[in-house]
Amino acid sequence: MDMAQIHRKEVQTPLHCSHSVFYEVFRTEANLLPTVSPRNVKKIELVCPTTSWVDKVGSRKRVHFDEGGLESFNDEVVAIDREAHKITYRVLEGNLMMQLYHSFVATLEVKPGTAKWTIEFQKKNELCPDPDIYLQRLDSVSKDLDRHLSPKKD
């Protein structure tokens, strides 16, 4: 198997909330994610030189998946398509993630009724697992955000 090969996996999460509002949380209010999905996201910080939560190409964040910072990574926004409700992030460095992968890119595309995360990754060697745990986490965050944004039933 050629390790230079770029692999691709995706997960789709059904949405009940407004797809536009869902997308805007990721684009402008990612700092809400630890409150909305505390089991999955412990903390998000802006990384220099980023000074605003409103994403633009080049924006950088540090995301912590656990309390001790063992599982955390820095990402950078590499593409935004507001009309298509699409954002692409590239992982720049990560405690565990980048020990397994040469490259890791995640794209969120939101349409009415669905949020789709696509990840593209290059394994460092054939023993490295597929990043299914990260897809499961993205799906779980999406479900938590959808619940948070959906109209409450009486």
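From (1) at pLDDT 95 or above; (2) within 19 Å of Asp139 (Cα to Cα), pick out the condition that doesn't hold for Phe65.
(1)
Since Ser20 meets every condition but one in (1) in contact (Cβ under 8 Å) with a residue 12 or more places away in the chain; (2) closer than 27 Å to Pro151 by Cα; (3) surrounded by 15 or more Cβ atoms within 10 Å (Cβ to Cβ), which condition does it not meet?
(3)
Scan segment 54-65 for residues that are crowded, with 16+ Cβ neighbours inside 10 Å and in a loop (DSSP other than H, G, I, E, B) and jot them down.
Let us first name the residues in segment 54-65 that are crowded, with 16+ Cβ neighbours inside 10 Å, namely 55, 59-65.
Selection gives Asp55, Ser59, Phe65.
Name the single residue, out of those in segment 36-53 being outside any loop (DSSP other than H, G, I, E, B) and closer than 12 Å to Val141 by Cβ, that is farthest from the chain's Cα centre (by Cα).
Step one: of segment 36-53, the residues outside any loop (DSSP other than H, G, I, E, B) are 36, 43-46.
Next, only the ones that are closer than 12 Å to Val141 by Cβ stay: 36, 44.
Working: Val36: 14, Ile44: 11 Å.
Going through the qualifying residues, I end up with Val36.
Take the residues in segment 66-90 that are touching a residue at least 12 places away in the same chain (Cβ under 8 Å) and in a loop (DSSP other than H, G, I, E, B); name whichever of them is nearest to Ile133 (Cα to Cα). Talk me through it step by step, then tell me what you get.
So in segment 66-90, the residues touching a residue at least 12 places away in the same chain (Cβ under 8 Å) come out as 66-67, 69-80, 82, 84-90.
From what's left, in a loop (DSSP other than H, G, I, E, B): 66-67, 69-71, 82, 84-85.
Numbers: Asp66: 14, Glu67: 17, Gly69: 17, Leu70: 15, Glu71: 12, Arg82: 28, Ala84: 27, His85: 24 Å.
Looking at the filtered set, the residue picked out is Glu71.
Checking the structure you have, find out if any residue of segment 97-113 is in contact with a Ser or Thr (Cβ under 7 Å, 6 or more places away or on another chain), more than 13 Å from Phe73 (Cα to Cα) and of a type in the set (Gly, Ala, Ser).
No, segment 97-113 contains no residue that is in contact with a Ser or Thr (Cβ under 7 Å, 6 or more places away or on another chain), more than 13 Å from Phe73 (Cα to Cα) and of a type in the set (Gly, Ala, Ser).
Just give me the residues in segment 94-131 being part of a loop (DSSP other than H, G, I, E, B) and either open to solvent by 20 Å² or more (accessible area, probe 1.4 Å) or aromatic (Phe, Trp, Tyr) (or both), in sequence order. Please lay out each step first, then the result.
Narrowing segment 94-131 to residues part of a loop (DSSP other than H, G, I, E, B): 95-96, 112-113, 124-131.
The answer is Asn95, Leu96, Pro112, Gly113, Lys124, Asn125, Glu126, Leu127, Pro129, Asp130.
Among the residues of segment 134-146, is there at least one that is among the basic types (Lys, Arg), in contact (Cβ under 8 Å) with a residue 40 or more places away in the chain, assigned to a strand (DSSP E or B) and closer than 25 Å to His85 by Cα? Please lay out each step first, then the result.
The initial filter retains those residues of segment 134-146 that are among the basic types (Lys, Arg), namely 137, 143.
Add one more test, that the residue is in contact (Cβ under 8 Å) with a residue 40 or more places away in the chain, and what stays is 137, 143.
Right, trim to assigned to a strand (DSSP E or B) and you get none.
No: segment 134-146 contains no residue that is among the basic types (Lys, Arg), in contact (Cβ under 8 Å) with a residue 40 or more places away in the chain, assigned to a strand (DSSP E or B) and closer than 25 Å to His85 by Cα.
If you check Val91, Val41, Val77, which single one turns out to be open to solvent by less than 20 Å² (accessible area, probe 1.4 Å), of a type in the set (Val, Ile, Thr) and in contact with a Gly (Cβ under 9 Å, 6 or more places away or on another chain)? Show your work before the answer.
Details: Val91 fails: in contact with a Gly (Cβ under 9 Å, 6 or more places away or on another chain); Val41 fails: in contact with a Gly (Cβ under 9 Å, 6 or more places away or on another chain).
Just a single option satisfies the conditions, and that option is Val77.
The values are calculated or read from the model by the stated rules, or taken from the named source; none is laboratory data. What you see is a predicted model, and the numbers here were worked out from it, not measured in a lab. Please note: Cβ atoms are built from the backbone with ideal geometry, for glycine as well, and neighbour counts cover all protein chains shown. Heavy atoms of the whole protein, side chains included, go into the accessibility calculation; ligands, DNA and RNA do not. Shrake-Rupley method; radii C 1.70, N 1.55, O 1.52, S 1.80 Å.
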